[in-house]
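The values are calculated or read from the model by the stated rules, or taken from the named source; none is laboratory data. Remember, predicted model here, so these are calculated numbers, not experimental data. All Cβ positions, glycine included, derive from the backbone under ideal geometry; neighbour counts span all protein chains shown. Only protein heavy atoms, including side chains, enter the accessible area calculation; ligands, DNA and RNA are left aside. Shrake-Rupley method; radii C 1.70, N 1.55, O 1.52, S 1.80 Å.
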Protein chains: 2
Amino acid sequence: MGAMVSTVSLPKRVSKKAERRVTISDVASLAGVSVATASKALNGRHDVRDSTRQRVLAAAKELAFQPNELARGLLSGQTRTVGLLTSDSMGRFGIPVLLGAEDAFGAGEMAVLLCDARGDAIREQHHLRALLSRRVDGLIVVGESTDPRPSLSGDVPVPVVYAYGPSEDPQDVSFVPDDVGGAMLAVRHLLDMGRRSIAHVTGPMDYTAAREREEGVRLALAEAGVAQAGRTLAGEWSQRWGRHAAELLLMSTPDVDAVFCGNDQIAAGVVETVRERGRRVPGDIAVVGYDNWEILSTETRPPLTTVDMNLEVLGRTAAQHLFAAIGGRATPGVHRMPCRLVIRESTAP
Amino acid sequence: MGAMVSTVSLPKRVSKKAERRVTISDVASLAGVSVATASKALNGRHDVRDSTRQRVLAAAKELAFQPNELARGLLSGQTRTVGLLTSDSMGRFGIPVLLGAEDAFGAGEMAVLLCDARGDAIREQHHLRALLSRRVDGLIVVGESTDPRPSLSGDVPVPVVYAYGPSEDPQDVSFVPDDVGGAMLAVRHLLDMGRRSIAHVTGPMDYTAAREREEGVRLALAEAGVAQAGRTLAGEWSQRWGRHAAELLLMSTPDVDAVFCGNDQIAAGVVETVRERGRRVPGDIAVVGYDNWEILSTETRPPLTTVDMNLEVLGRTAAQHLFAAIGGRATPGVHRMPCRLVIRESTAP
DNA sequence: GCCCCGAACTAAAAGGTTTTCGGAAACGTA
DNA sequence: TACGTTTCCGAAAACCTTTTAGTTCGGGGC
């Protein structure tokens, strides 16, 4: 198992407080019953006399008994544990999904085993093995972008749900933000505000996210019969690019009165440059971002109207559906979760 | 999904692909040996003939055998799993610590069970019980701030290491950033750049972080025999407060030539206002932030010189020491991890 | 008195692995 | 041949819990 790994040999558990953990048979003998009865008493089975149950419960409490989930899982085949496999170093997008999942599971006594593959397929394989040998009941795979990723389902004997980045296999269960819809929300809002010369600045076009958001722009403009102001400007997902793109835009299309940006960083850059060039936001030019990255969207001046992908809801939903899939009620397909427009001052009338 | 908690009953595991998982006895019978021999062959014990071992290994490979960690853990008392208990919804500071820990453990075949208590003590107890009943080998507790938190060690039969926020009990093992030292780095740097009228704007003084950073300022100025420009301005940890504080500062102390800020958000606000008031950064006023929150520190103009707490290193170190503690080699005390000054344009000469 | 029944409880098995100990075979030595 | 030694392998116990299949006991019906 590789050089670096083998050096880390597991220490022999020499905790100074070497008290043996209390087991159900300790509880049973303290209560003066058999382990079977103790088990039934603790699990609320009804074929145990009430006085006996009280004795067992009291004994368990006195000893601070906690059932060993390992033994329980070994028997039942369920560990009440799911693996969460992420590829993007838990960056910007992984976190809310994780939180949502943790939230959904935490309520139901599930635990989350976290693995970060850092975008390395070998590491992913490695983590996958570790998770499976720990007998997780299911897996959530969080993509690093909304681009589809290879399916895992062939190799894996437990249900898998993909969040944020869908699986390439449409038979799998995937949850992704509806970026087309999100962009449409943004553009329709700009149209509602009376803007008619709407430009689009976004990230690299090899991102599914960029392409889908552009598609949303196209659709929303088409349904209103309005032409896009200039061509879509595709660059990087950075504030720097936002600044640069704004320069280009102000030169090529001086009469622009709104810019829809592919993310909040770009939007922040656009706002900055627009203001430096003497145009007011939103007075002369309205700006909409994407992601609702609060540190940017609320702290810029003016605060940004932006599209929120509801990632925490997405994560929670994915977790709930994983739960359903574990129960045999899988819901195959790529589910597009609606986005939400957060209106702030950058698009005020 | 209904009334949240109680509706979530564990489904009976009805996975359609109901193939029984392959066990070591499958491997043994395929190889024509006993399970004992198979186990020894797989674990590299030396009392098994080489030809036999080859047969077993081949069988294991053919069946894609993966040992059941539950059974193994039940027997050995070790699960190769640690719990990571965080209180701050994995916010700004939890993530890098988590990453560092995951990194350190991942290499050694350890898995991380993640729990987020959302700052709720009851939820924390709940998660703690869940982790212990899963028989984690140890625990990392990530604080939501550098303020000390109540010790867990009394209630818990496994080693605990505290990261970012230390335990109140000095006998516990804690790793915290050396904020005094970090602030000193920043102020010394400003002095080196020739600044002599240095102000300090920071967050609420009921934060240990704010107090320690201020202490660092005091020490660094004292060792150079320079007086602080005005009193420390304590407000919130926000960009908004940074802007407001900068206004106050420019009024009360017009000759200020440097501002050390308690975090990057404040620094971003200060920079913004300083520039709007017609002073140049760094020409007239140098600004230093804290945290090295990249989205802010690299994207502001000019990019911010800032103190990086090396949280990922801190997390990794904490994990390594937890590992040591599991092996009985604990290192009690509050360990202060050095910070690092990241020099960017906001303090250029 | 006999049988059946239900209530309350227990012994034992099962789950998958590792480890200990004993057994068997092969071989060398007296 | 008898005995000791080495090498290899297997049976069984152990880990902890839940579940199944009894077992015991008392009472009710005949």
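Things to note:
- Remark on A:A286: its backbone amide H falls under 5 Å from those of A:A258, A:V259, a criterion applied only to residues 5 or more positions apart or on other chains, H modelled at 1.01 Å from N.
- Scanning residues 5 or more positions from A:D172 or on other chains, those with amide H under 5 Å from its amide H are A:G333, with H placed 1.01 Å from N in the peptide plane.
- Solvent-free Debye scattering, log10 I(q)/I(0), computed from the Cα coordinates of region B:211-284 at q = 0.19, 0.25, 0.28 Å⁻¹: -0.78, -1.24, -1.39
- Vicinal HN-Hα couplings computed from phi for region A:299-305 (Karplus, 6.51 cos²θ - 1.76 cosθ + 1.60; Hz; Gly/Pro x): 9, 6, 10, x, x, 8, 5
- Within the shell defined by Cβ-Cβ distances under 11 Å, the residues around A:P67 carry a net charge of +4, with Lys and Arg each +1 and Asp and Glu each -1.
- Surrounding net charge for B:E236, when Lys and Arg each add one and Asp and Glu each subtract one, Cβ distance under 13 Å: 0
- Its Cα centre serving as origin, region B:179-308 has a Cβ charge dipole (Lys and Arg +1, Asp and Glu -1) of approximately 440 debye.
- Phi angles across region A:267-275 convert, under the Karplus curve 6.51 cos²θ - 1.76 cosθ + 1.60 with θ = phi - 60°, into 3J(HN,Hα) values of 4, 4, x, 4, 4, 4, 5, 4, 5 Hz, Gly and Pro given as x.
- Helical runs (DSSP H, four residues minimum) scored at -39500 (n - 2.57) apiece and divided by the length of chain A put the mean residue ellipticity at 222 nm at -13000 deg cm²/dmol.
- Value in Å of the Kirkwood radius, where region B:183-229 supplies the Cα pairs that are averaged: 10.7
- Dimensionless Rg ratio for region A:109-149, taking C-alpha atoms and the 2.2 N^0.38 Å reference: 1.23
- Solvent exposure of region B:24-67 as accessible area per residue, Å², 1.4 Å probe: 61
- Altogether, the Stokes-Einstein calculation at 37 °C and 0.692 mPa s, with the Kirkwood radius of chain B over Cα pairs as Rh, returns a diffusion coefficient of 140 µm²/s.
- Solvent-accessible area, 1.4 Å probe, carbon plus sulfur percent, for the protein assembly as shown: 54
- The residues of region B:179-308 have, on average, 37 Å² of accessible surface per residue, using a 1.4 Å probe with all protein chains present.
- Shown for region A:301-326: residues covered by the partner protein chains by 20 Å² or more of accessible area relative to the chain by itself (probe radius 1.4 Å), namely A:R301, A:Q320, A:F323, A:I326.
- Whole-number D in µm² s⁻¹ for region B:179-308, Kirkwood Cα-pair radius fed into Stokes-Einstein, 20 °C, 1.002 mPa s: 155
- Stokes-Einstein D (µm²/s) once Rh is taken as the Kirkwood radius of region A:21-67 over alpha-carbon pairs, at 25 °C in 0.890 mPa s: 246
- Kirkwood Rh, angstrom, region B:153-236 [1 / mean 1/r, Cα pairs]: 14.5
- Fully extending the segment from B:R118 to B:R279, taken as 0.36 nm per residue of separation minus the present Cα-Cα distance, adds 53.8 nm.
- Contact surface A-B: accessible area buried, both sides summed, square angstrom, 1.4 angstrom probe: 7100
- Pairs of lysines in the protein assembly as shown whose Cα atoms sit within less than 27 Å of one another amount to 8, provided the residues are eight or more positions apart or on different chains.
- All-pairs alpha carbon distance profile, the protein assembly as shown, 10 Å steps from 0, percent: 3, 13, 20, 23, 20, 12, 7, 3, 0
- In chain B, the DSSP beta bridges split such that about 10 percent are antiparallel, to the nearest 5.
- Summarising the amide proton neighbourhood of B:G138: residues at separation of 5 or more, or on other chains, whose placed amide H is nearer than 5 Å comprise B:G83.
- Region A:18-126 shape via C-alpha gyration tensor axes, a/c threshold 1.5: prolate
- Rg in Å to one decimal, and Dmax rounded to a whole Å, for region B:281-349 via C-alpha atoms: 17.0, 55
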